[in-house]
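> Next up is a structure, given as structure tokens.
The values are calculated or read from the model by the stated rules, or taken from the named source; none is laboratory data. Bear in mind that the values here come from a model prediction, so they are computed numbers and not experimental data. Because the Cβ atoms are built from the backbone with ideal geometry, glycine has one as well, and the counts that use them run over all protein chains shown. Note: areas computed on protein heavy atoms with side chains; ligands, DNA, RNA excluded. Shrake-Rupley method; radii C 1.70, N 1.55, O 1.52, S 1.80 Å.
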Amino acid sequence: QVRLVESGGGSVQPGGSLRLSCAVSGRIGNIWFMGWYRQAPEKQRELVAHITSTGSTDYRDSVKGRFTISRDNAKNTAYLQMNSLKPEDTAVYYCNARIGAEEYWGQGTQVTVSS
């Protein structure tokens, strides 16, 4: 069984920073895709950033230049460094991992940006 455990959420003021972590454990093959999604109240879940097993990354436009996704393949862990946070970044952030044809989700971690 594959398990994703997220950490690093919290509350910060606008302009602050947070770093999210997502550790994957269990029967793991090639994690070819790791991504961070977020869902704000009454909104659809949206892809924030993703990174492939070769290190290729992509970001949604609203976080480009502020967020950085990375991964440590030896630790099966992905990170999301979030800088210059804005109130509109407030959401529950979910880690997503794809192994073969299967997709797995973390439990979510709350990020709140407020003065």
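> For a quick check of your reading of the filter: which GluC sites (Glu not before Pro) in the range 37-89 sit in a DSSP loop and have no more than 10 other Cβ atoms within 10 Å?
Working: sites: Glu42, Glu46, Glu88; in loops: Glu42.
For GluC sites (Glu not before Pro) across the range 37-89 that sit outside H, G, I, E and B with at most 10 neighbouring Cβ atoms in 10 Å, the list reads Glu42.
> Looking at the chain, send over the antiparallel percent of its DSSP beta bridges, to the nearest 5. Please list the in-between numbers first.
Working: 42 of 45 bridges.
Restricted to the chain, the bridges split so that about 95 percent are antiparallel.
> Same structure, new question: Considering the Cα positions of the chain, please state its Rg to one decimal place and its Dmax as a whole number of Å.
Both quantities, over Cα of the chain: 13.5, 43 Å.
> Could I ask something else about it? Roll a 1.4 angstrom probe over the protein heavy atoms and tell me the percent of accessible area of the chain that is carbon or sulfur. Don't jump to the answer; show the numbers that get you there.
Values: 2720 of 6170 Å².
In the chain, the share of accessible area belonging to carbon and sulfur is 44 percent.
> Sticking with this structure for a sec: Compute the normalised compactness of the range 1-49: alpha-carbon radius of gyration over 2.2 N^0.38 Å, N being the residue count.
1.41
> While we're on this one: The chain: longest stretch without exposed trypsin sites (Lys or Arg not before Pro) (DSSP loop, at most 16 other Cβ within 10 Å), sites themselves excluded? Each step should come with its number before you reach the end.
Details: sites that count: Arg27, Lys43, Arg45, Arg60, Lys64, Arg66, Lys75.
Between the exposed loop sites, the longest stretch runs 76-115.
> What distance in nm separates the simple spin-label points at Ser25 and Ser70, each placed 7 Å from Cα in the Cβ direction?
The modelled label-to-label distance comes out at 2.3 nm.
> Please list, or write none, the lysines whose alpha carbon is within less than 18 Å of the alpha carbon of Lys43, excluding same-chain residues fewer than 8 places away.
Straight-distance partners of Lys43: Lys86.
> Next question. Set the Förster radius R0 to 22 Å, insert the Cβ-Cβ distance between Gln107 and Gln44 as r into 1/(1 + (r/R0)^6), and round the FRET efficiency to 0.05.
Working: r = 19 Å, r/R0 = 0.86.
After rounding, the FRET efficiency stands at 0.70.
> Set the Förster distance to 30 Å, then compute FRET efficiency between Ser17 and Asp61 from the Cβ-Cβ distance, nearest 0.05. Kindly include the intermediate steps, with their values, before the conclusion.
Working: r = 20 Å, r/R0 = 0.66.
E between Ser17 and Asp61, to the nearest 0.05, is 0.90.
> Could you provide, to the nearest whole Å², the per residue accessible area of the chain with probe 1.4 Å? Intermediate values should be presented prior to the final figure.
On the way: 6170 Å² over 115 residues.
In whole numbers, the chain has 54 Å² accessible per residue.
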